[in-house]
Amino acid sequence: MHDLKLIRETPDAFDKGMAGRGLQPQAATILDLDVKRRDAQTRMQVMQSRRNEASKEIGKIKGQGGDATALIEEVQSLKDGLAAAEAEERECAETLQSILESLPNIPFDDVPVGADEDANVEIRRVGTPPEMKEAQQHFEIGEALGQMDFETAVTMSGARFVLLKGQLARLERALACFMLDTHTGANGYTETVPPYLVRDNAMYGTGQLPKFTEDLFHTDEGFWLIPTAEVPMTNIAADRIWEADDLPMRFTAWTPCFRSEAGAAGRDTRGMIRMHQFSKVEMVSITHPDKSVEELERMTDCAEGILKSLGLAFRTVVLSTGDMGFGARKTYDIEVWLPGQEAYREISSCSNCGDFQARRMKARFRTPGEKGTRFVHTLNGSGLAVGRTLIAVLENYRQEDGSVAIPDVLQPYMGGADRIELPNR
RNA sequence: GGAGGGAUGGCAGAGCGGUAAUGCAGCGGAUUGCUAAUCCGUCACGGGAUCAAACUCGUGCGGGGGUUCGAGUCCCCCUCCCUCCGCCA
């Protein structure tokens, strides 16, 4: 949600932000509506003022047993004009609201301007992709191990689902536990187990609604399945006034995520890169407005730290203005090296949303000694997508004999095992 | 699933057709002074005015309709919360 006052004050900066998103200038339309709305409001208020005054008078006269017929008729005569002004004011306000809530957030000035991912800028590369004689894709490896079963998943759920078994199932759990332990330990996040089903207002708060319903799953009872734990964890701050001392709040959770992938038909159809259901360890920070810029660096560092611990090569890119998500002002994507694809693929996305979500969900804070409240800033980042991390481990740690080595830091979580062997047949 | 109760400012809490009490917290000020007390003001959002204020008008009692000169209050619809019973991990 955008701040109308800000648009009034700096319409050019607003349009520049929208241009970066590939949108036409919006400020003129918005401000025109704003002027119309205020004009209608002013006319409305003049009539309301007269009505209130007369009504008070009527009350007084009637209380004294007098005749107020003339005044009553006057108020009656105001009705049509008042109703018209009210309708106009309301119509403008609703239109304004629907425009403001459907426009994406304004990118920071240091975000590269561009239409799509081609304009993203790589800012660092960490680690070296391993030399491999014959790299395989994760589904080849997983199926050879006999522990990654797409066929069975299809029979019960259709495409974009997978059944993991045995040590691969455990590897998923091991990865998630390792990530959670790292974030709740060294990184200072508070672990949560949030709801996986939420209502409209929560989805509106983080920006999935009203525009992106087609990406979501919905139940007959009116719940939405969370596409990321960002939704329930960010909404922890919703509709409250916090104390400045409460900030920053840092939450993490390991949850399933549900996405319809409506716009992704035909993409990543093989394997478990793009699933309707996947698990992810998410980080959310609720910060003071002055701290969100540095918090994004911190959060990205936390995500990268997991990859470093796992010994996986990756690169970090800044998304261009056209490639960023709806609510973000700046986003870092972390892409892990997948030998089977000979490509870096997204495994984490860390975003600073500024006050965009906070405004939608009325998440505010108060500072002692200051009057009034301000909106908090919200950030979210994957730390990491567990399914894709599992893929990365399989492809990067596959041995020439077909077995898969287990990274050192995961071995305690795998019952001490140091590799996953091919089945004896 | 059945039966009830409720939603009012940051929080607590009155009001039942005639300008939204009061308390606590916060903010501004005054005063006395010793680990704070007392008093006054302020205390949501929006419009107008202003360099900015003072000022002024309006809206706001979960949301939306209706009745009325006038609705927190009466009527209708919806949402959410709570309690009890039933069922259940």
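Magnitude of the charge dipole for the stretch A:78-209, about its Cα centre and with charges confined to Cβ atoms of Lys, Arg (+1) and Asp, Glu (-1), is about 760 debye. With 5 Å bins beginning at zero, the pair-distance distribution over Cα atoms of the stretch A:158-293 amounts to 2, 9, 16, 19, 19, 16, 11, 5, 2, 1 %. Dipole of the stretch A:292-425 computed with +1 at Lys/Arg Cβ and -1 at Asp/Glu Cβ about the Cα centre; of A:Gly369, A:Pro412, A:Leu312, farthest Cα towards the positive end is A:Gly369. Seen from a random direction on average, the alpha-carbon convex hull of chain A projects onto 27.1 square nanometres. Checking every one of the GluC sites (Glu not before Pro) in the stretch A:193-264 against DSSP loop status and a limit of 12 other Cβ atoms within 10 Å picks out A:Glu221.
Label points 7 Å out from Cα along the Cβ direction at A:Asp149 and A:Arg274: separation in nm? Each label point lies 7 Å from its Cα, and together they span 2.6 nm. Distance distribution P(r), the stretch A:343-425, all Cα-Cα pairs, bin width 5 angstrom from 0: 3, 11, 13, 13, 12, 9, 7, 7, 8, 7, 5, 3, 1, 1, 0 percent. Axis angle, to the nearest 10 degrees, between helix A:27-63 and the longest C-alpha principal axis of chain A: 50 degrees. Straight-line reach from A:Lys5: taking Cα to Cα under 21 Å and skipping same-chain neighbours fewer than 8 places apart, the lysines in range are A:Lys16, A:Lys36, A:Lys362, A:Lys371. Each Lys and Arg adds +1 at its Cβ and each Asp and Glu adds -1 at its Cβ; summed about the Cα centre, chain A shows a dipole of about 840 debye. Structural descriptor for the stretch A:4-102: relative contact order 32 percent, calculated from alpha carbon pairs under 8 angstrom and at least 6 residues apart. Dipole check for the stretch A:4-102: with +1 at the C-beta of Lys and Arg, -1 at the C-beta of Asp and Glu, and the Cα centre as origin, the magnitude is about 260 Debye. Over chain A, accessible surface divided per residue gives 48 Å², non-protein components excluded, 1.4 Å probe.
The apolar share of the surface of chain A, taken as the fraction of accessible area on carbon and sulfur atoms (1.4 Å probe, ligands and nucleic acids excluded), comes to 48 percent.
Each listed q (0.16, 0.22, 0.25 Å⁻¹) maps to a log10 I(q)/I(0) for the stretch A:4-102 from the Debye sum over equal C-alpha point scatterers, namely -0.74, -1.04, -1.18. Note on A:Leu33: accessible area approximately 30 square angstrom, rounded to 10, probe 1.4 Å, nucleic acids and ligands left out. Positive end of the dipole of chain A (Cβ unit charges, origin at the Cα centre): among A:Val121, A:Thr190, A:Ala169, the Cα lying farthest that way belongs to A:Thr190. Looking at the stretch A:117-420 alone, DSSP beta bridges between its own residues are antiparallel in about 90 percent of cases.
When the charge dipole of chain A is built from unit charges on Cβ atoms (+1 for Lys and Arg, -1 for Asp and Glu) and taken about the Cα centre, the candidate among A:Cys92, A:Ser279, A:Asn352 whose Cα reaches farthest toward its positive end is A:Cys92. On a 0 to 90° scale, report how tilted helix A:292-310 is relative to the longest principal axis of chain A, with both axes built from alpha carbons and the result rounded to the nearest 10. Tilt of helix A:292-310: around 20 degrees. Sequentially through the stretch A:323-335, phi angles give Karplus couplings (6.51, -1.76, 1.60; θ = phi - 60°) of 9, 6, x, 3, x, 8, 9, 7, 9, 9, 9, 10, 10 Hz, Gly and Pro residues having no value and appearing as x. Counted residue by residue at 0.36 nm each, then reduced by the alpha carbon distance between them, the extension gain from A:Glu243 to A:Glu74 reaches 55.8 nm. Contact order, relative form, for the stretch A:117-420: 25 percent (alpha carbon pairs under 8 Å, 6 or more residues apart, mean separation divided by residue count). Taking Cα centroids, how far is the stretch A:337-388 from the stretch A:196-263 in Å? Result: 12 Å between the Cα centres.
The values are calculated or read from the model by the stated rules, or taken from the named source; none is laboratory data. On a predicted model such as this, the values are computed, not experimentally measured, just so you know. Neighbour counts run over all protein chains shown; Cβ positions are idealised from the backbone, glycine included. Surface areas here come from the heavy atoms of the whole protein model, side chains and all, with no ligands, DNA or RNA. Shrake-Rupley method; radii C 1.70, N 1.55, O 1.52, S 1.80 Å.
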